[in-house]
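Take a look at the structure below.
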Amino acid sequence: MTGSASPLDLARITAKLRPVLSLVAAKRSPEQIRQVAEYFLSVAPALQPIRDRLQILERELLGLGIVSTLVMQERAGFERPATFLRVRGSFTSLDFHGEPFT
């Protein structure tokens, strides 16, 4: 039995968050404070218009069809790049320079 005006609100709180809410705010760890703040931001009625707008914008972004791809990545080892050099400036004659420039 409860004296709350909306007792179903208590049922919406996850079991993981209930022990955190039973602690005094000053005794909560930074992680627990983050969890409470995250939950509050997800249910605060004053923030509902902002959440709705964010959801619309996220759908629009997905609708743009922007593809993300890996452009560059680091080499696995410390292998320095080597290159071909032109012999005496001739375009057609290549000479392999085995050691990279430092």
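A few notes on this one:
- Qualifying residues in the stretch 36-72 (those that are at pLDDT 90 or above and among the polar types (S, T, N, Q)) - the one nearest to Leu17 (Cα to Cα): Gln48
- The condition (being in a loop (DSSP other than H, G, I, E, B), modelled with pLDDT under 90 and on the phi < 0 side of the Ramachandran plot) is satisfied by just one residue among Ala11, Ala5: Ala5.
- When the stretch 23-70 is limited to residues that are of a type in the set (Val, Ile, Thr) and in a helix (DSSP H, G or I), the one that is farthest from Ile13 (Cα to Cα) turns out to be Ile56.
- Among residues of the stretch 31-42 that are without any contact (Cβ under 8 Å) to a residue 60 or more places away in the chain, those with a beta-carbon under 8 Å from a residue that is aliphatic (A, V, I, L, M) and not in a helix (DSSP H, G or I) at least six positions away or on a different chain give the pairs Gln32/Leu23; Gln35/Leu17; Val36/Leu17; Tyr39/Ile13; Tyr39/Leu17.
The values are calculated or read from the model by the stated rules, or taken from the named source; none is laboratory data. All figures in this text were calculated on a predicted structure; none of them were measured in a lab. Ideal geometry is used to build each Cβ from the backbone, glycine not excepted, and the neighbour counts take in all protein chains shown.
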